[in-house]
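Quick notes on the structure that follows.
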């Protein structure tokens, strides 16, 4: 089993975090805490860190949260529009500061720091010594400076212009392989792509079927069937013993969720799998088996998993799975917030078992 991508995490000035320190991350880490405490933002910080500061990753995160949706998409002259669109960047910085105030955030991990700051263009060549990436012909006076493995800067008018911004998308091979499952799950097209990438591996196929058996014991096979409509993505279907083929969604919300988790982990070998609301759609009776599957795949495929939950049942399931497998590396991190101050409290196998047995509140 290889080393972890991140064995700790510190965040400064990012999103809702003035400051957050998580002193330890495990092979499998479950984040718990009240609504609004920032669990999903921790996943964003981990993803950005693992992608080593790719500018397009920040755009993807803004788009995923609909923070770009309210901004105009088309205007006759983009040079007049980029400032309005770039205002969405303020969402990434603690306190929503004005871009002219040179806001910054830092994500610290075991491979060094990733620092992001909005800076005046005039400071790039001299004071900051940051080379411009991509299109340098922009006329904007602000840039996004990124200090990571290869420090660079992107002019905001180029980054937020659809005619030039596409070159900063996250298709680059820089950084660690990261697979993310949001609270709503994977869309069918993405799930089908991940399915195609691993389905010839018999052992991984068996793991996916084992995952589905947690909610329906009679599933014998799963596949992605082509639609008769050219504008519709392939959809997941299952062959059920004695019942023929049915849509996977017909087996309940938990079946697609479990397949998503298995596919994401299978495709994240030697990398990271980030899962928001991991137990969504799953009955409490399968949580321990779910975590047994996740812990087993994480160790076998050298995947580091960071997931979130609101559920006490999900936490108890992790405690049971860790008690059953003393070799597994798992951890609960509870996030608390008092005003502007965030605190991360860790529960290892022993503390988590005590909390579960004594019904101590750890959400």
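Please treat every number below as a calculation from the coordinates, not as lab data. The model shown is predicted, which means the values in this text are computed figures rather than measured ones.
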- Note on the structure: Percent relative contact order for the stretch 288-353, counting Cα pairs under 8 Å at least six residues apart, stands at 30 percent
- Item | the stretch 203-347: radius of gyration over Cα atoms, expressed as a fraction of 2.2 N^0.38 Å | 1.16
- Message: Can you give me the Kirkwood hydrodynamic radius for the stretch 218-295, using every pair of distinct Cα atoms, in Å to one decimal?
- Response: 14.0 Å
- Message: Over the Cα atoms of the stretch 1-51, what radius of gyration and what Dmax do you get, in Å?
- Response: 11.3, 35
- Item | Euclidean distance between Cα centres, the stretch 188-229 to the stretch 138-160, Å | 41 Å
- Message: What is the ratio of the Cα radius of gyration of the stretch 188-252 to 2.2 N^0.38 Å, with N the residue count, to two decimals?
- Response: 1.11
- Just report the Cα centroid separation between the stretch 80-101 and the stretch 232-303, whole Å. 38 Å
